[in-house]
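Nothing in this text is a laboratory measurement; each read-out follows from the coordinates by a stated rule. A quick note: this is a predicted structure, and the numbers were derived from the prediction, not measured. Cβ sites come from the backbone with ideal geometry, for glycine too, and all protein chains shown count toward neighbours.
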Amino acid sequence: MKIRLLMFLLAFCASSSSVTAEELSSGQALYLPIYSHIWHGDRIANKQPVKSQVSALVSIRNTSLKTPIRIVSARYYSTEGKLLKEYLPKPVEVGAMGTFELFVERKESEGGSGANFIILWDAAVQTNPPVVEAVHADIKGGGPAVSFVTTARPIVADK
């Protein structure tokens, strides 16, 4: 009896933790968190912790084996919600299994620790949504390095 219960629990856990594919889409608005700097360390005598600038490589990966997608817009906003830059003067097509990249330089400090991109994409037919991530880094020769990734999530675009 104990073995049957154990087998049932293992089968249940395996089935409930299975990964499912995202639904197909013909376009989305994506919110991608970006950090132009990060705070770290301790507050000493009520002063701010250490602030380090980081660069961000935004990677927009078309996950379709057959269908191109179009990146319509990539708007970069500050912590306060101010539009700082539209990274795409015109839409860009990303072929099947292709990747399009954007880069936020380390010296860019206006965005702040709450900066973000709103990325709009579309496709002629329903397809797999792209994987959109930002790799943040501050790598100095011989010194400590910082690197982390943020991931976009779909949002409902306000009208």
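Values for this structure:
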quantity: Intensity falloff of the chain expressed as log10 I(q)/I(0), Debye formula with alpha-carbon point scatterers, at q = 0.19 Å⁻¹; calculated: -1.13
quantity: At R0 = 35 Å, FRET efficiency that the Cβ-Cβ distance of Asn46 and Arg75 yields, to 0.05; calculated: 0.45
quantity: Once exposed loop GluC sites (Glu not before Pro) are cut out (DSSP; at most 16 other Cβ, 10 Å), longest piece of the chain; calculated: 24-79
quantity: Amide H within-cut-off set for Ser73, under 5 Å, with H built and near neighbours excluded; calculated: Leu120
quantity: Dipole magnitude of segment 49-144 about its Cα centre (Cβ charges: Lys, Arg +1; Asp, Glu -1), debye to nearest 20; calculated: 60 debye
quantity: Binned Cα-Cα distances of segment 97-159, short to long, each 10 Å bin given as a whole percent; calculated: 13, 43, 30, 12, 3
quantity: Hz values of 3J(HN,Hα) by residue in segment 30-44 - Karplus curve (6.51, -1.76, 1.60), Gly and Pro given as x; calculated: 10, 9, 10, x, 10, 10, 7, 8, 10, 9, 7, x, 10, 7, 10
quantity: Pair Ser25, Lys82: separation of 7 Å Cα→Cβ label points (nm); calculated: 2.9 nm
quantity: Under the Karplus curve 6.51 cos²θ - 1.76 cosθ + 1.60, θ = phi - 60°, whole-Hz ³J(HN,Hα) for segment 99-111, x wherever Gly or Pro sits; calculated: 9, 10, 10, 10, 9, 9, 5, 4, 6, 6, 10, 5, x
quantity: Förster radius 22 Å - calculated FRET efficiency between Ala145 and Thr99, Cβ distance, rounded to 0.05; calculated: 0.40
quantity: GNM result for the chain, Cα springs below 10 Å: residue of Ser36, Ser64, Ser147 fluctuating most strongly; calculated: Ser147
